[in-house]
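Derivation of every value follows stated rules applied to the coordinates shown; laboratory data play no part. These numbers were taken from a predicted model, which means no experiment stands behind them. No Cβ is skipped: glycine too gets one built from the backbone with ideal geometry, and neighbour counts run over all protein chains shown.
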Amino acid sequence: MPGMPPEHDDTLLKTGPAPSGLNLANHFLIAMPSIQDPIFGGTVVYVCEHNEKGVLGVVINKPTDMTMEVLFDRIDLKLAEGLRSTVVDEPIMFGGPVQDDRGFVLHTPSGRYSSSLNVTDEVSFTTSIDVLEAVASGAGPARMLVSIGYAGWSPGQLEEEILRNGWLTVGADAHVLFDLPIEERYTAAIRLLGIDPFMLATEAGHA
């Protein structure tokens, strides 16, 4: 049953840098149009951690058919009076194929949670249920994205995919992550590179 883990397996977190010296934490990975993979085609991934153990990220533009209302019901959390109308219809993202029976939350820093990583001053990544308990009580983060599952790459795997032109990379923008409608995030992420998304698709078609 989908839900939040009591504690995240921190095998990726708080370790040394990647052997390549590349650190894509707080970057967007933008799938090139040539990627036809059913999981990652057309996606934007927010990278939470990149170190010697590999890469951990969350797909931010692939909604599931689950809403916050369904998730809260499944983990038996009741929303405080007045919050229901603003939260219940928010979709849960498909964050990736790893641990896709668990919930993960990207959010603006707020409070202290038992299993949480501050990626930047604007973005935290929390894997413990206490962040949703805070949301239910009305004391949660001001902005957040909840996913089921996450995306993971073993050491050197993502670097190889980037070299094969599978992904574009760009520094992340919290506005794109939290505020834009889901269907606009892919185009907006590409525009952060100063690229016209239509031209990118055209070039890929002629490759």
Hz values of 3J(HN,Hα) by residue in region 119-130 - Karplus curve (6.51, -1.76, 1.60), Gly and Pro given as x: 6, 9, 5, 10, 9, 10, 10, 10, 10, 9, 5, 4
At most 12 other Cβ atoms within 10 Å and a DSSP loop assignment: could you name the trypsin sites (Lys or Arg not before Pro) in region 98-207 that fit? Arg112, Arg164
Within region 128-144, the residues whose backbone N lies under 15 Å from a label point placed 7 Å from the Cα of Ile182 along the Cα-to-Cβ direction are 144
Note, region 182-188: 3J(HN,Hα) by Karplus (6.51, -1.76, 1.60, θ = phi - 60°), whole Hz, Gly/Pro = x, goes 3, 5, 9, 6, 5, 4, 5
Under 16 Å from a point placed 7 Å out from the Cα of Ile162 along the Cα-to-Cβ direction: which residues of region 29-45 have their backbone N that close? 29-32, 44-45
Any residue on another chain or 5+ positions along whose placed amide H is under 5 Å from the amide H of Ser114 is listed here as Asp130
In region 74-143, the GluC sites (Glu not before Pro) that fall in loop regions by DSSP, at most 15 other Cβ within 10 Å: Glu81
